[in-house]
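Read the structure below first, then the notes.
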Amino acid sequence: MSTTDQRVAIVTGAARGIGAATAVRLAAEGRAVAVLDLDEAACKETVEKITSAGGKAVAVGCDVSDSAQVESAVARVVDELGPPTVLVNNAGVLRDNLLFKMSDSDWDTVMNVHLRGAFLMSRACQKHMVDAGFGRIVNLSSSSALGNRGQVNYAAAKAGMQGFTKTLAKELGKFGITANSVAPGFIVTDMTAATAERVGMGFEEFQAAAASQIPVQRVGRPEDIANAIAFFSGEHAGFVSGQVLYVAGGPLN
Ligand code: NAP
């Protein structure tokens, strides 16, 4: 591929955590990257990291659960970078609670950001991928898809991401588009820091407890997930589609 037809990637929730590491990784592999997050100003650090290393990136503010914002964000990416042919649906939130204490809004928020967000972003990007005869969609699931106490909303959404991925793979394969899912285990980010706080543990202590249960005896880093996403979104992964890869330092029950 010449530099004039550099692939354009959109990474949602890329202001921090796994999304930021993924944006940096995809840029290092030569993608022009739209660093998309709720707050455009919050994307600045990731964009600067990419541009200071010689890469190309723009910050895009967008709530992925809002249809109009998604349509205009994708149109902006087309204008400023070109048609997106790589999409990483990574934006995420937690609203943990036991079922009997979970509010309607805890349920709806989690469904809207993860599932509706991935749906709206994929629908807005697919036409550009179809036109290019090439596309890579990577959806973030979670080890919580297998069930996790206090996360009935999040577990349902993350299991839903797997069905969504497999269906995209079946519908879009004939256009040169693959769809895969990465399901992280425990990764050190603000999200797991918030969980530590919720259960009343210091973050260091929480990480040590998690690491002791993981076969490789450490917790994950955002870059561990970015590596898996880079594989699925790469030029040479065209025969790998509809898969779910657990990246959790060991097998899960
Ligand atoms: P994080 O540090 O909390 O980052 C998530 C990012 O998504 C934040 O920048 C957040 O913005 C953004 N976001 C939230 N709602 C959004 C919306 N409606 N539109 C656009 N952006 C939005 O989370 P992370 O740990 O990196 O997780 C990334 C993904 O991996 C999530 O899908 C998560 O469920 C999944 N995951 C994480 C782990 C883990 O151990 N960390 C494990 C399994 C799966 P604000 O800061 O403004 O809210």
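The values are calculated or read from the model by the stated rules, or taken from the named source; none is laboratory data. What you see is a predicted model; the values in this text were computed from it and never measured. A quick note on method: Cβ atoms are made from the backbone with ideal geometry, for glycine too, and the neighbour counts reach across all protein chains shown. To get the accessible areas, we keep the full protein, side chains included, count just its heavy atoms, and leave off ligands, DNA and RNA. Shrake-Rupley method; radii C 1.70, N 1.55, O 1.52, S 1.80 Å.
Could you order peptides 33-39, 183-189, 95-101, 62-68 by the average number of other Cβ atoms within 10 Å of their residues, highest first?
On the way: 33-39: 25.7, 183-189: 21.7, 95-101: 12.4, 62-68: 19.4.
Per-residue Cβ counts within 10 Å, averaged per peptide and sorted highest first, yield 33-39, 183-189, 62-68, 95-101.
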**Prompt:** Amide H of Ile177: which non-local residues (sequence gap of 5 or more, or other chain) have their own amide H closer than 5 Å, using H built in the peptide plane?
**Reply:** Gly135
**Fill in**
The simple spin-label model distance between Glu171 and Thr51, using points 7 Å out along Cα→Cβ, in nm, is 3.6 nm
**Item:** Formal net charge of residues neighbouring Val24 (Cβ-Cβ distance under 13 Å; K, R +1; D, E -1)
**Value:** +2
**Complete:** Calc'd 3J(HN,Hα), the stretch 147-159, phi into Karplus 6.51 cos²θ - 1.76 cosθ + 1.60 (θ = phi - 60°), Hz, glycine/Pro = x, comes to x, 7, 3, x, 10, 4, 6, 5, 4, 5, 5, 6, 5
**Prompt:** Using alpha carbons only, how many degrees (0 to 90, rounded to 10) separate the axis of helix 117-132 from the longest principal axis of the chain?
**Reply:** 30 degrees
**Prompt:** If you add up the charges near Glu223, with Lys and Arg at +1 and Asp and Glu at -1, over every other residue whose beta carbon is less than 15 angstrom from its beta carbon, what do you get?
**Reply:** +3
**Message:** Probe of 1.4 angstrom, ligands and nucleic acids ignored: what's the accessible area per residue over the chain, in square angstrom?
**Reply:** 47 Å²
**Net +/- balance of residues flanking Ala57 in space, Cβ distance below 14 Å, scoring K and R +1, D and E -1** = +1
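Suppose R0 equals 30 Å; then what is the FRET efficiency for Leu99 and Val130 from their Cβ-Cβ distance, rounded to the nearest 0.05?
For Leu99 and Val130, the calculated efficiency is 0.15.
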**Coarse-grained scattering of the chain at q = 0.15 Å⁻¹, given as base-10 log I(q)/I(0) from a Debye sum over alpha-carbon atoms** = -1.03
**Item:** Acute angle (nearest 10 degrees) that the helix 203-212 long axis makes with the longest principal axis of the chain, alpha-carbon atoms
**Value:** 90 degrees
